[in-house]
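*Asks:* One structure, pasted below without further comment.
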Amino acid sequence: MAAKSAIKNVVVIGGGYIGMNFAALFKQTGKQVTVIDVNARPFSHNLDSEFTQILAAASVENGLQLKMEERVTAVLGSTHVTAVQTNRGQYAADLVLVAVGNRPNTAWLRGTLALDSED
């Protein structure tokens, strides 16, 4: 239990359904939460801008830090994570949740298995 109580800063990489839901849950438990995404707004692959603007504003109002249009370049720390570096800044982190992508990376299986189309 000591490790759980030591977690104060959570960085969620990915602003889709999974990332934003986990971000909200972490925030409800009293953590400082930063969401980093390469897209201009959360849920951008799922909803149009009219809805995502409302959701983004509500997320910020409820204490989430949204860092949109940023690309993660490194996760820092030697024995445990201490921060996440992006192309625009660095964010303290005791825990990092990666929730990006909606397609499995199966390129390494080409030539060994029959694969469905990647489209």
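The values are calculated or read from the model by the stated rules, or taken from the named source; none is laboratory data. A quick note: this is a predicted structure, and the numbers were derived from the prediction, not measured. No Cβ is skipped: glycine too gets one built from the backbone with ideal geometry, and neighbour counts run over all protein chains shown. For accessibility, only protein heavy atoms count, side chains too; no ligands or nucleic acids. Shrake-Rupley method; radii C 1.70, N 1.55, O 1.52, S 1.80 Å.
*Asks:* Restricted to segment 87-100, and to residues that are within 12 Å of the chain's Cα centre (by Cα) and not in a loop (DSSP other than H, G, I, E, B), which residue is farthest from Phe43 (Cα to Cα)?
*Replies:* Selected residue: Leu95.
*Asks:* Additional query: Counting only residues that are among the β-branched types (Val, Ile, Thr), under 10 Å from the mean Cα position of the chain (by Cα) and not in a helix (DSSP H, G or I), how many does segment 1-23 have?
*Replies:* The qualifying residues number 4.
*Asks:* Kindly establish whether Arg103 is under 17 Å from Asp37 (Cβ atoms), at pLDDT below 90 and charged (D, E, K, R).
*Replies:* So Arg103 passes the test.
*Asks:* Separate question: Identify the residue in segment 82-100 that is of a type in the set (S, T, N, Q) and either open to solvent by 90 Å² or more (accessible area, probe 1.4 Å) or modelled with pLDDT under 80 (or both) and, among all such residues, is nearest to Val33 (Cα to Cα).
*Replies:* Gln90
*Asks:* So which residues in segment 8-23 are free of Cβ contacts under 8 Å to residues at least 60 places away in the same chain and surrounded by fewer than 21 Cβ atoms within 10 Å (Cβ to Cβ), if there are any at all?
*Replies:* Once the filter is applied, which keeps residues that are free of Cβ contacts under 8 Å to residues at least 60 places away in the same chain and surrounded by fewer than 21 Cβ atoms within 10 Å (Cβ to Cβ), segment 8-23 yields Tyr17, Asn21.
*Asks:* Show me the strands (runs of 3 or more DSSP E) found entirely inside segment 24-81 where at least 2 residues are surrounded by 12 or more Cβ atoms within 10 Å (Cβ to Cβ) and touching a helix residue (DSSP H, G or I) at 6+ places or on another chain (Cβ under 9 Å).
*Replies:* 32-37, 65-68
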